[in-house]
């Protein structure tokens with residue numbers, strides 16, 4: 001049963017009041033990251049900007065599909081928020097950033113660093129944690145333009161998330177492409193699930209976490225089975241409290257979220273959509 005029939009047609013009008021704000025937010029983020037990607041001068045800036053631009057390009061297409069112009073922008077922004085949150089959680093768990101670091105502040109510092117050709121770059125450091133510690137020395141908290149940051153918080157949070165992703169790629173020794181980042185948000189993956197995917201794909205010899213064909217059932221049965229078995233093994237390592245049946249069920253849920261936008265409406269983000277309809281307010285992008 002769909003969300004509209006489950007809660008009544010009144011939800012459509014309530015969500016319409018929020019949809020325009022979500023659509024504007026997605027457009028604003030997309031335009032800002034596109035501008036950053038096209039003007040970035042350093043190799044790091046181009047990597048971060050390119051990943052952010054690709055990620056937002058995919059998310060921004062949701063209103064064009066089955067979710068339509070009302071739910072599409074809202075779910076799109078919920079996906080962005082989910083990715084920002086979980087990448088930040090994982091980055092803290094792996095020690096890439098400190099507990100009080102925030103994605104939007106990381107993004108702000110990354111953007112500001114592009115104005116200084118003489119500053120050190122990530123390749124000058126052994127880890128992303130060391131590089132970001134350096135950026136915080138170059139731009140301490142008291143020098144952050146809070147008005148500028150707060151005026152574009154969502155954009156800076158996305159930019160910071162992609163910088164964290166760069167750090168995770170180095171730490172976990174595998175690439176996170178924009179398609180995988182979107183799927184993280186579509187299925188609301190946990191930090192442990194992301195680690196399991198990285199571990200499984202790396203163990204199989206992949207250079208990046210290429211999930212599109214696997215999630216959408218486009219692989220030969222033997223190859224699909226090989227990936228599933230590797231995922232189950234890795235998930236058991238990072239989530240020992242889960243039974244094998246629970247892990248298979250979760251993989252099936254992740255695949256279903258990748259294959260159909262209506263799964264997002266009727267299951268993955270159903271509770272959030274109900275809450276938004278009741279409050280007529282989108283949640284903050286970070287905790």
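Every number in this text was worked out from the coordinates using simple rules, so none of it is lab data. Bear in mind that the values here come from a model prediction, so they are computed numbers and not experimental data. In this analysis, Cβ positions are derived from the backbone assuming ideal geometry, glycine residues included, and neighbour counts consider all displayed protein chains.
Things to note:
- Residue list for the stretch 207-234, filter: loosely packed, with under 14 Cβ neighbours inside 10 Å, without any contact (Cβ under 8 Å) to a residue 24 or more places away in the chain and not in a helix (DSSP H, G or I): 218, 220
- For the stretch 169-177, the condition of being assigned to a helix (DSSP H, G or I), touching a residue at least 12 places away in the same chain (Cβ under 8 Å), crowded, with 24+ Cβ neighbours inside 10 Å and at negative phi holds for none of the residues.
- Scanning the stretch 115-129 for residues that are outside any loop (DSSP other than H, G, I, E, B) and surrounded by 14 or more Cβ atoms within 10 Å (Cβ to Cβ) yields a count of 3.
- Meets criteria (in contact with a helix residue (DSSP H, G or I) (Cβ under 8 Å, 6 or more places away or on another chain), surrounded by fewer than 23 Cβ atoms within 10 Å (Cβ to Cβ), free of Cβ contacts under 8 Å to residues at least 12 places away in the same chain and farther than 22 Å from residue 18 by Cα) for residue 101: no
- Taken over the stretch 41-52, the criterion of being in contact with a helix residue (DSSP H, G or I) (Cβ under 9 Å, 6 or more places away or on another chain) and surrounded by fewer than 20 Cβ atoms within 10 Å (Cβ to Cβ) is satisfied by 42, 43, 44, 46, 47, 50.
- Residue 237 vs. criteria exposed (fewer than 15 other Cβ atoms within 10 Å of the Cβ), in contact (Cβ under 8 Å) with a residue 12 or more places away in the chain, under 20 Å from the mean Cα position of the chain (by Cα) and at negative phi: no
- One residue stands out among those in the stretch 240-287 that are closer than 21 Å to residue 197 by Cα and outside any helix (DSSP H, G or I): the one that is farthest from the chain's Cα centre (by Cα), which is 243.
- Residue within the stretch 180-187 that is surrounded by 19 or more Cβ atoms within 10 Å (Cβ to Cβ), in contact with a helix residue (DSSP H, G or I) (Cβ under 8 Å, 6 or more places away or on another chain) and not in a helix (DSSP H, G or I) present: yes
- Subset of the stretch 73-97 that is without any contact (Cβ under 8 Å) to a residue 60 or more places away in the chain and part of a helix (DSSP H, G or I) - its residue that is surrounded by the fewest Cβ atoms within 10 Å (Cβ to Cβ): 92
- Test: residue in the stretch 212-233 that is in contact with a helix residue (DSSP H, G or I) (Cβ under 6 Å, 6 or more places away or on another chain) and closer than 20 Å to residue 128 by Cβ: no
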